[in-house]
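Asker: Next up is a structure, given as structure tokens.
The values are calculated or read from the model by the stated rules, or taken from the named source; none is laboratory data. Note that the coordinates shown come from a computational prediction; the quantities given were computed from them, not determined experimentally. We place every Cβ from the backbone using ideal geometry, glycine too, and count neighbours over all the protein chains shown. To get the accessible areas, we keep the full protein, side chains included, count just its heavy atoms, and leave off ligands, DNA and RNA. Shrake-Rupley method; radii C 1.70, N 1.55, O 1.52, S 1.80 Å.
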Amino acid sequence: MELVVDGNCFVAGRMQKCCVGIEGGKIVKIAKVLEGEKVLNFGNKLVLPAAIDGHVHFREPGMTDKEDFASGSEAALCGGVTCVLEMPNTRPSTTTVASIREKKKAASAKSLVDFGLFAGVKPGMDVEALAKEAAAFKLYMGSTTGDLLVPDILEVKKELARIARTGKVLAVHAEDENLRRKDPENDLEGHLRNRPNECETTAIKTIRNAYRGDRLHICHVSARQSLFEVKGRTGLTCEVTPHHLLFDTTSRLGALIKVNPPIRRREDRQALFQALKGGSIDMVASDHAPHLLEEKEDDFEYALTGTPGVETLVPLMLQLVRENHLAIDLVIRMLCERPGEIYGLPKGRIAAGYDADLIVVDMLAGEYIKADKLHSKCGWTAYEDMPAIFPKAVFLRGELMVENRSRVGERKGRDIVGST
Ligand code: DOR
Ligand code: ZN
Ligand code: ZN
């Protein structure tokens with residue numbers, strides 16, 4: 001065996017003291033004892049599958065002062081994420097074969113984690129050609145960063161029918177543009193008034209009724225009423241973000257957590273948490289949306305929407321395990337197994353045949369989140385000083401890439417489309 005990782009591993013649904021045997025970047029064997037050319041023994045530390053972040057904005061091309069594939073992927077890696085799905089609202093937006101190929105070139109040259117690219121839904125797009133390049137499609141029903149708004153889905157009726165036939169996931173930013181208000185807003189409550197709960201819940205019903213495909217995914221569900229619309233429906237999956245789980249409008253973070261869909265009331269936050277615990281949420285994804293601090297420190301009204309989070313996603317969820325709010329198997333399902341299944345990746349499990357993407361965790365080694373130890377170009381975090389558990393080591397396809405929160409490996413990430 002080329003490499004053996006020995007530790008307290010999450011295998012077949014439970015923690016077990018065993019060895020993971022790795023050849024050519026893949027897990028090939030799991031046994032109590034394995035011999036290898038190289039053996040790394042992590043004792044009683046936890047060895048878990050690395051996470052797949054199903055929702056990030058790495059801003060390249062066009063906004064690389066905020067982030068690019070190099071900085072965004074380094075942040076991902078140091079936070080225990082070895083695969084990201086990257087959103088199309090860049091400049092230019094990723095809606096043509098030329099633009100997706102261009103983005104792929106940049107990502108292949110710079111990314112330190114594996115990646116899949118979303119193609120944005122727009123009238124007149126070449127669905128079939130894009131389906132060959134894209135990991136999935138993304139529809140924006142409400143306005144936010146970028147120029148991909150489709151306020152009335154009748155405008156893309158034909159495109160949606162064709163997407164349904166590609167067999168790819170259609171992910172949706174579900175906010176009904178026509179129910180959005182445009183009143184002046186000075187704080188989180190004001191932003192919420194302009195994007196009330198029904199804005200999201202109505203959009204979910206609209207797309208659910210209109211879309212004929214069987215792989216519809218609702219991004220960042222945030223309103224308690226929306227939970228009834230996504231629960232237990234075949235062909236429909238959904239995600240929540242850490243910021244909607246951890247913050248509500250009583251927060252004093254102001255524009256730092258001005259996001260779309262908005263941070264809502266405590267009742268919504270608690271309902272999301274209960275739904276997560278009850279198993280009716282498929283995944284937790286960061287919606288990593290970096291902006292520069294000066295773009296956030298303007299007047300609340302003009303502050304850009306979005307908050308960074310790819311590096312803190314896994315550490316915050318592990319902290320919730322440590323505090324006994326969530327079970328570890330649930331967290332692994334949300335961060336690793338379900339995203340792997342939904343996007344059809346050989347990742348997210350410690351099992352023979354899967355990519356050897358692993359993290360090593362010491363549940364007793366808590367830290368406080370500090371922006372100056374994070375790797376996003378934006379340089380700030382809404383989670384400053386919050387307790388979290390960062391991985392001690394991170395492996396991408398069998399290569400040790402991170403040790404003690406710093407990068408040590410050089411392996412380049414690759415496109416999940418056409419490489420597996
Ligand atoms: O707050 C948000 N920011 N919501 C989105 O949907 C987009 C994101 C961004 O790209 O900044
Ligand atoms: Zn969104
Ligand atoms: Zn987003």
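Asker: Determine the distance separating the Cα centre of the range 74-127 from the Cα centre of the range 1-31; give it in Å without decimals.
Answerer: Taking the Cα centre of the range 1-31 as reference, the centre of the range 74-127 is 31 Å away.
Asker: For the chain, take the convex hull of the Cα atoms, compute a quarter of its surface area, and give me that in nm², please.
Answerer: Numbers: hull surface 71.2 nm².
Seen from a random direction, the Cα hull of the chain projects 17.8 nm² on average.
Asker: Once each part is reduced to its C-alpha centroid, what is the distance from the range 347-367 to the range 254-284 in angstrom?
Answerer: If we compute the Cα centre of each part, the gap is 26 Å.
Asker: Could you work out how much longer the chain between Glu403 and Asp126 gets when fully extended? Use 0.36 nm per residue separation minus the Cα distance between them, nm to one decimal.
Answerer: Details: separation 277, 0.36 × 277 = 99.72 nm, distance 4.30 nm.
Between Glu403 and Asp126, full extension yields 95.4 nm more.
Asker: Apply the Debye scattering formula to the range 1-73, with a single equal point scatterer on each alpha-carbon and no solvent, then give log10 I(q)/I(0) at q = 0.20, 0.22, 0.24, 0.25 Å⁻¹.
Answerer: Log10 of I(q)/I(0), two decimals: -0.78, -0.87, -0.97, -1.04.
Asker: Oh, and also: Please give the length that would be gained between Ala327 and Asp65 if that part of the chain were fully extended, namely 0.36 nm times their separation in residues minus their C-alpha to C-alpha distance (nm, one decimal). Spell out each step's value before the answer.
Answerer: Details: separation 262, 0.36 × 262 = 94.32 nm, distance 3.81 nm.
This chain segment gains 90.5 nm when fully extended.
Asker: Okay, next question. Using just the helices of the chain, give the 222 nm mean residue ellipticity in deg cm²/dmol: DSSP H runs with n ≥ 4 each add -39,500 (n - 2.57), and the total is spread over all residues, rounded to 500.
Answerer: Numbers: 13 runs with 109 residues, N = 420.
Dividing the helical sum by the residues of the chain leaves -7000 deg cm²/dmol.
Asker: Rounded to whole Hz and in sequence order, give me ³J(HN,Hα) for the range 238-255 from the Karplus expression 6.51 cos²θ - 1.76 cosθ + 1.60, θ = phi - 60°, writing x for Gly and Pro.
Answerer: 8, 10, 10, 10, x, 5, 6, 7, 9, 10, 9, 5, 7, 5, 9, 7, x, 4
Asker: Packing-wise, with mean Cβ within 10 Å as the measure, how do 224-236, 33-45, 392-404, 10-22 rank, highest first? Provide the component values of the computation, followed by the final result.
Answerer: Working: 224-236: 16.0, 33-45: 13.4, 392-404: 21.1, 10-22: 17.6.
Put in order of decreasing packing, that is 392-404, 10-22, 224-236, 33-45.
Asker: Let me ask another. Count the net charge of all other residues whose Cβ sits under 12 Å from the Cβ of Pro387, scoring Lys and Arg as +1 and Asp and Glu as -1.
Answerer: Numbers: positive: Arg322, Lys370; negative: Glu323, Glu367, Glu384, Asp385.
Net charge in that neighbourhood comes out at -2.
Asker: Continuing with the same structure: Work out the charge dipole of the chain with +1 on the Cβ of Lys and Arg and -1 on the Cβ of Asp and Glu about the Cα centre, then indicate which of Pro61, Cys336, Ser143 is farthest towards its positive end.
Answerer: Cys336
Asker: Now a separate question. Using modelled backbone amide H atoms (1.01 Å from N, in-plane), which distant-in-sequence or interchain residues come within less than 5 Å of Cys9's amide H?
Answerer: Here the answer is Gln16, Lys17, Cys18, Val47, since their amide H atoms fall under 5 Å of that of Cys9.
Asker: If you place +1 on the Cβ of every Lys and Arg, -1 on the Cβ of every Asp and Glu, and leave all else neutral, what size is the dipole of the chain about its Cα centre, to the nearest 20 Debye? If you can, show how the numbers build up before the last one.
Answerer: Values: 58 positive and 60 negative charges, 250 e Å.
The calculated dipole for the chain is roughly 1200 debye.
Asker: Something else: Beta carbons within 10 angstrom, averaged per residue: use that to sort the peptides 368-375, 335-342, highest first. Walk me through the numbers on the way to the answer.
Answerer: Working: 368-375: 15.6, 335-342: 22.8.
Ranking, from highest mean packing down: 335-342, 368-375.
Asker: Just the number: Rg to Rh for the range 265-346, Cα atoms, Kirkwood Rh, two decimals.
Answerer: For the range 265-346, the value is 1.05.
Asker: Rounded to a whole number, what % of the accessible area of the chain do carbon and sulfur atoms account for, probe 1.4 Å?
Answerer: Values: 7600 of 15930 Å².
With neighbouring chains kept in place, the figure for the chain is 48 percent.
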